[in-house]
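Enquirer: Attaching a single structure in structure tokens format; questions to follow.
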Amino acid sequence: MFQKILIANRGEIACRVIRTARKMGIRSLAVYSEADQNARHVREADDAVCIGPAPAAESYLLGHRIIRACKDADAEAVHPGYGFLSENPGFAQQLEEAGITFIGPGTHALEVMGDKIASKKLAAEAGVNTIPGYTGVVPDAQAAVEISNEVGYPVMIKASAGGGGKGMRIARDDEECRHGFDRATSEAESSFADSRVFIERYVDSPRHIEIQIIADNHGNVVALNERECSIQRRHQKIIEEAPSVLVDPAMRKAMCGQAVALARATDYRSAGTVEFIVDEDRNFYFLEMNTRLQVEHPVTEMITGLDLVELMIRVADNEKLSVKQEDVGINGWAMESRIYAENPFREFLPSTGRVTRYRPPEENEFVRVDTGVDEGTTISMFYDPMIAKLVTWGESREQAVSRMRGALDQYFIRGVETNLPFVSAIMAHPRFQSGEITTNFISEEYADGFASVSVPAPLLAPLICALTSIHYRLTSRAATISCQVRGYSRKVESDWCVVMGSEQHETTIHGRDGRWKVEYGGTIHLVQDQWQPIETIYSGTVNGNPVCFQIEKRGYGYEVGVSGSRTAVSVLNRRVARLNSQMPVKVAPDMSRYLLSPMPGLLVSLSVSEGQAVKADQELAVIEAMKMENTLKADQDCVVADILVEPGATLEVDQPILEFERAGGD
């Protein structure tokens with residue numbers, strides 16, 4: 001067995017590989033960029049070496065520096081994780097020539113499966129169902145339009161070397177096709193240094209289901225059942241689960257059979273995933289094969305009891321698989337939520353900065369947290385914005401979802417915005433809970449974007465009672481401190497008003513020492529907990545039922561987060577509550593004359609010039625952030641009065657880019 005392996009990656013996946021290596025008694029060598037010198041994966045590894053500046057193209061994507069690090073530190077093998085060089089056949093070949101083992105498939109599989117065009121052709125030859133489309137390289141936008149008309153709209157324009165939702169655009173007409181071709185090729189070149197794209201028929205309302213396989217060097221290939229990854233935004237997976245509510249035993253057998261056939265056709269070894277899309281009639285079609293460890297691999301591990309990273313390492317060391325197909329079962333249900341540094345209340349724009357508070361839920365046999373972040377970590381614009389993967393297990397899907405909802409409420413992150421409220425809202429959504437999901441779930445259910453949801457009705461009364469007890473304790477504590485000053489005393493009232501937006505909820509409280517009786521809505525509610533003022537997670541019971549939510553002091557009030565809602569709350573005495581309702585609302589300044597950067601990032605291009613008249617929905621600028629290109633468009637007719645930033649500049653959130661004068665004058 002290897003004595004030392006290098007992990008050619010960063011963040012949570014590097015920490016994940018380090019964890020298994022330590023379990024196997026293998027020393028780990030981390031690599032890092034200058035931006036990651038204090039990163040968690042660097043601290044957790046046995047050794048670490050810097051390989052370059054912050055941009056990935058100058059560090060994590062430089063194979064020769066990684067090979068040099070292996071030789072200098074006597075690392076015998078490289079685990080690439082996912083992304084970066086994980087599916088780069090040239091890197092795998094360089095390792096082989098240097099006498100270093102690549103913990104992944106052979107170069108032939110990487111080459112043919114890494115090229116989406118070649119992979120579709122091979123899949124068809126292997127008897128795998130494929131989507132109709134054009135599998136040649138599309139040379140330009142006009143050719144894309146002509147091909148799309150032949151294939152039939154809607155179409156998907158896809159990067160041949162793509163993955164992770166990058167270099168992909170849906171087009172439903174010629175105009176969208178031209179624009180989609182430009183954006184897909186540009187994004188593909190930026191992300192993969194390969195601008196080739198192809199076109200295939202877009203399946204409306206599909207489900208995304210994939211088969212995990214593991215293969216060794218001795219001809220053994222085992223399918224580890226399916227995962228469903230239909231909850232996606234902009235083709236980026238957000239929630240994954242295993243198994244799938246759609247897949248019955250016959251369908252599972254057929255999909256696993258095709259996945260194994262494709263693996264054999266490529267002489268595959270190591271872990272890999274064959275991805276399918278499934279239409280409304282339950283027909284499934286080959287999408288792509290990912291020749292690496294998938295982000296969502298933990299859900300498969302949770303239901304099979306297997307460690308995929310360990311299996312990859314053992315296969316790379318030429319061991320035979322210890323698991324046979326008949327040994328693979330499905331134990332319960334697993335759910336994974338990807339936690340991203342992005343603001344769901346501002347169209348999911350990336351959020352960068354320092355993580356000032358980080359409190360993940362406690363891990364146990366039912367809850368797992370894979371992360372590369374802790375307090376003090378800087379979320380950079382240079383890399384993917386994923387903070388962590390939160391995984392829960394249950395005997396049933398309902399139990400896995402319930403545990404996920406509880407774990408999300410306990411996950412406390414500050415300093416950067418996260419998608420935690422959004423994921424929590426999805427978990428509470430009736431359609432998600434029913435399992436009636438497709439890849440269009442988010443676009444259909446959140447067509448106008450995501451806004452903070454209301455506190456779920458069953459949680460309202462418990463939340464109001466718990467907040468009353470919290471505020472009463474804090475007020476009593478302040479009164480006790482004040483009473484230490486001679487000649488000053490303060491009485492704490494029992495009657496309160498919990499204010500949420502325009503709603504006022506009157507309560508009365510009695511009790512002490514963690515047992516409180518709160519009268520609300522004509523009913524007495526018993527609140528019990530061990531909460532302390534320094535805690536940001538409230539955990540207790542109301543009438544014997546568990547209640548958990550996040551709470552932070554905000555001026556004279558609180559910010560409360562529970563089940564996807566983020567609510568500003570004040571607890572006031574009743575007279576103050578009546579007066580407070582008469583206070584005027586502060587009006588925000590009018591910034592409508594400016595194009596503001598919605599995210600930190602790089603200004604790639606400007607599509608207008610000073611003095612130019614533009615129409616509503618016309619492209620104004622393109623910003624690149626966290627490996628994705630974002631197009632900014634005019635929301636109304638106007639004239640560009642001034643250009644405030646030039647292409648190539650690094651932008652901050654809300655930084656003005658253009659100034660306008662309204663069409664027709666001010």
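Enquirer: Would you confirm whether or not the range 246-254 contains a residue that is outside any helix (DSSP H, G or I) and not acidic (D, E)? Break it down into steps so the answer makes sense when it comes.
Expert: Taking the range 246-254 as the starting set, the residues that turn out to be outside any helix (DSSP H, G or I) are 246-248.
Checking which are not acidic (D, E) leaves us with 246-247.
Yes: one or more hits.
Enquirer: Among (1) in a loop (DSSP other than H, G, I, E, B); (2) surrounded by 20 or more Cβ atoms within 10 Å (Cβ to Cβ); (3) of a type outside the set (G, A, S), where does Y538 come up short?
Expert: So Y538 meets the others, but not (1).
Enquirer: Can you tell me which of L463, L420, L408, L390 is surrounded by 13 or more Cβ atoms within 10 Å (Cβ to Cβ), outside the structural domain of P243 (by TED's automatic domain parsing) and touching a residue at least 24 places away in the same chain (Cβ under 8 Å)? Write out each step before concluding.
Expert: Numbers: L420 fails: outside the structural domain of P243 (by TED's automatic domain parsing); L408 fails: outside the structural domain of P243 (by TED's automatic domain parsing); L390 fails: outside the structural domain of P243 (by TED's automatic domain parsing).
Only one candidate passes the filter, namely L463.
Enquirer: Can you pull out every residue in the range 146-195 that is at pLDDT 90 or above, out of contact with any helix residue (DSSP H, G or I) (no Cβ under 7 Å at 6 or more places or on another chain) and buried (at least 22 other Cβ atoms within 10 Å of the Cβ)?
Expert: M156, G180, A184, T185, listed by residue number.
Enquirer: Restricting attention to the range 294-303, does a residue exist that is at pLDDT 95 or above, part of a strand (DSSP E or B) and buried (at least 22 other Cβ atoms within 10 Å of the Cβ)?
Expert: no
This table checks each residue for (1) crowded, with 19+ Cβ neighbours inside 10 Å; (2) within 24 Å of K517 (Cβ to Cβ).
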position: C548; (1), (2): yes, yes
position: K553; (1), (2): no, no
position: Y556; (1), (2): no, no
position: E559; (1), (2): no, no
position: V562; (1), (2): yes, yes
position: V569; (1), (2): yes, yes
position: V576; (1), (2): no, yes
position: S581; (1), (2): no, no
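Enquirer: Being in a strand (DSSP E or B) and buried (at least 20 other Cβ atoms within 10 Å of the Cβ) is the filter here, so list the residues in the range 593-605 that pass it.
Expert: The answer is L595, G601, L603.
Enquirer: Considering every residue within the range 532-543, establish whether at least one is hydrophobic (A, V, I, L, M, F, W, C), in contact with a Pro (Cβ under 7 Å, 6 or more places away or on another chain), within 30 Å of L460 (Cβ to Cβ) and touching a residue at least 60 places away in the same chain (Cβ under 8 Å).
Expert: Checked against the condition, which is being hydrophobic (A, V, I, L, M, F, W, C), in contact with a Pro (Cβ under 7 Å, 6 or more places away or on another chain), within 30 Å of L460 (Cβ to Cβ) and touching a residue at least 60 places away in the same chain (Cβ under 8 Å), the range 532-543 yields at least one hit.
Enquirer: Answer yes or no as to whether R178 is touching a residue at least 12 places away in the same chain (Cβ under 8 Å) and not in a helix (DSSP H, G or I).
Expert: It is false that R178 is touching a residue at least 12 places away in the same chain (Cβ under 8 Å) and not in a helix (DSSP H, G or I).
Enquirer: Same structure, new question: Looking only at the range 565-592, how many residues end up being at pLDDT 90 or above and in a loop (DSSP other than H, G, I, E, B)?
Expert: Number of matching residues: 1.
Enquirer: Still on this model: So which of Q232, Q212 ends up being part of a strand (DSSP E or B), crowded, with 24+ Cβ neighbours inside 10 Å and within 28 Å of the chain's Cα centre (by Cα)?
Expert: Q212 is the lone residue from the list that is part of a strand (DSSP E or B), crowded, with 24+ Cβ neighbours inside 10 Å and within 28 Å of the chain's Cα centre (by Cα).
Enquirer: So which residues in the range 417-436 are assigned to a helix (DSSP H, G or I) and either touching a helix residue (DSSP H, G or I) at 6+ places or on another chain (Cβ under 7 Å) or among the acidic types (D, E) (or both), if there are any at all?
Expert: Of everything in the range 417-436, those that are assigned to a helix (DSSP H, G or I) and either touching a helix residue (DSSP H, G or I) at 6+ places or on another chain (Cβ under 7 Å) or among the acidic types (D, E) (or both) turn out to be L420, P421, F422, V423, S424, I426, M427, A428, R431, F432, Q433.
Enquirer: Which fully enclosed helices (runs of 4 or more DSSP H) of the range 1-118 have 2 or more residues being of a type outside the set (A, V, I, L, M, F, W, C), surrounded by fewer than 23 Cβ atoms within 10 Å (Cβ to Cβ) and touching a residue at least 24 places away in the same chain (Cβ under 8 Å)?
Expert: 11-23, 40-44, 63-73, 89-97
Enquirer: Of all residues in the range 138-170, how many are touching a residue at least 24 places away in the same chain (Cβ under 8 Å) and under 30 Å from V295 (Cα atoms)?
Expert: So the count comes out to 17.
The values are calculated or read from the model by the stated rules, or taken from the named source; none is laboratory data. Quick caveat, the model's predicted, so the values are computed rather than measured. Here Cβ is always computed from backbone atoms with ideal geometry, including for glycine, and neighbour counts include all displayed protein chains.
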